[in-house]
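Since the structure comes first, as structure tokens, the remarks are kept for the end.
Each reported figure results from applying straightforward, stated rules to the coordinates on display, with no laboratory input. Since the model is a prediction, treat every value here as computed from it, not as a measurement. Note that we place each Cβ from the backbone using ideal geometry, even for glycine, and neighbour counts take in every protein chain shown.
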Amino acid sequence: MTTVQLLVGLTALFLAFGSAANVAAAGPPPNYFVDESKLPFDALPNTSTTRYWGIHNGAGYHIEVPVNWNGELVLYGHGFRGTGLELTVTNPRIRSWLVTHGYAWAASSYSKNGYDVKQGVKDTHALEERFNGLVGIPTRTYITGHSMGGHITGVAIEQYPGAYVGALPMCGVMGDNELFDYYLDFNLVAEALATHPAEFPFPADYQTVVVPIVKAALGGPGPGYPLTLNAQGLKLRGVTQNVSGGTRTEFPTSFIIWGNFLFTVGVSGGDLGVAPGNVQDNSTTVYQIDSDPALSQDEIALNAAVLRVTQDPQGRHPNGLANIPPILGNFKIPVLTLHTIGDLFVPISMEQIYARRAKAQGSGNLLVQRAIRDHNHCGFAVQEEEAAIAALVNWVEHGVKPAGDDILAPATATVPDPKFGCTFTVPSHIKPAFPTAFPPCGP
């Protein structure tokens, strides 16, 4: 697979996320539905389990209990589904590990689509109550999820502090609203570097008229943006590296893969379809092109040129489940996270924000974070996820705190560590099985 083919495939895969950023139209609520004929599911080969499915509080669900159930439950939260009306359930990728080790699991479709973390938290928590009635009350309950499901996981353990014993958010939006600030940063910086007058909200012809002009102003000879960059395009790549997590290996490839996609997200009025006002803000952001904290003349000029946007007072809430729920980093249970280094859809800066918040809340000793060498969003090998859940369980049940990566290291590095992420990336996580994998770590 060529880089161009990979870029096209990833953009198509995640393009639906852009539609969630459109301003919600007035009118009756969507008529979400679950196709009950799609709910039944079979046991995995060589396993013996009891499976339940149905609809609870408007959400579809799957529950699976192995015959040798150890009395413990893992709740799983899926990622963003777009804005379609059909609600669907996703089984966890660690399903085989769970049932063969005696764990029951349950997953909800949620009763709404869109970026509705509040509903995902409530429906996932309600599913445990359904489990209690169908199967029995578990002795321990864990919670995990991918992407938006990671955001749901981070919020749930703070909103229901006594409900869970351990959490595994993977590729999660652990910086909540700051993800949407990052999308704003990219697009406004790109316009400033292209010397194109910016507007917020973004104009209706942004994709069709403005973006092509901006790309042309940033691209280099030959294939053009994002495969080749001129001096202004290189500045955009530098800023994007800094706002997405800092200096890290293989970032030029990450930018090629995601450089087009980033023009498609966060480019509306900023309410994300769930908030009563704009949640995006770059009013105090200082943009840096290189890793030197001292501002160069180019950086001073850029910061003066970028359009500044301020969130609406009602857009964000500092606590609770309103709008896009915040993650405070205030948790009382072991948390282990996974994140790919080259993901620019939900970048590793989300983990850095989470680490800083946890430290500020006094929860830092309960947080372990692992970096995986891949450019894709949630681009993990199943074995990496299985190793993470096994480590979390061992931590909770035997008090053995697992090893992790210093997730903040790239943010202060001037030279990328070529081995960052090697420790927890399994040897089989290489090309061509993983087209977006980094080069092998070597000896």
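Most simply put, the chain has about 35% antiparallel DSSP beta bridges, counting only bridges with both residues inside it.
Just order 430-441, 59-70 by mean Cβ neighbour count inside 10 Å, highest at the front, would you?
So the order, starting with the most tightly packed, is 59-70, 430-441.
Proximity of backbone amide H atoms, modeled 1.01 Å from N, is registered between T50 and V65, V67 at under 5 Å, excluding neighbours fewer than 5 places apart on the same chain. For the pair V382 and S96, label points projected 7 Å from Cα toward Cβ lie 0.3 nm apart. Placing unit charges on each Cβ (+1 for Lys and Arg, -1 for Asp and Glu) gives the chain a dipole about its Cα centre, and among A411, P221, L366 the Cα reaching farthest toward its positive end belongs to L366.
How large is the helix-only mean residue ellipticity at 222 nm for the chain, computed as the sum of -39500 (n - 2.57) over DSSP H runs with n ≥ 4, divided by its residue count, in deg cm²/dmol to the nearest 500? Numbers along the way, then the final one.
Working: 13 runs with 141 residues, N = 443.
That comes out to -9500 deg cm²/dmol.
Percent of Cα pairs in segment 291-345 per distance bin of 5 Å, from zero to the largest separation: 4, 11, 10, 10, 15, 20, 18, 9, 3, 0.
Give the distance, in whole Å, between the Cα centre of segment 173-228 and the Cα centre of segment 40-117. Taking the Cα centre of segment 40-117 as reference, the centre of segment 173-228 is 38 Å away.
Kindly flag which residue pairs out of K38/K112; K215/K235; K332/K401; K122/K359; K38/K118 have an alpha-carbon separation exceeding 21 Å in this structure.
Working: K38/K112 17 Å; K215/K235 13 Å; K332/K401 14 Å; K122/K359 27 Å; K38/K118 25 Å.
From the list (K38/K112; K215/K235; K332/K401; K122/K359; K38/K118), the Cα-Cα distance tops 21 Å for K122/K359; K38/K118.
Backbone amide hydrogens, once placed in the peptide plane, bring W105 within less than 5 Å of E64, V74, excluding anything fewer than 5 places away on its chain. Straight-line cross-link reach from K431 at under 27 Å between alpha-carbon atoms covers these lysines, not counting any fewer than eight positions away in the same chain: K419. 3J(HN,Hα) along segment 284-290: 10, 5, 9, 8, 10, 8, 10 Hz, from the Karplus curve 6.51 cos²θ - 1.76 cosθ + 1.60 with θ = phi - 60°, whole Hz, x for Gly and Pro.
On the beta carbon distance between D292 and D417, with R0 = 25 Å, the FRET formula returns roughly 0.90.
Mean separation of Cα pairs under 8 Å and 6 or more residues apart, divided by the residue count, gives the chain a relative contact order of 16 percent.
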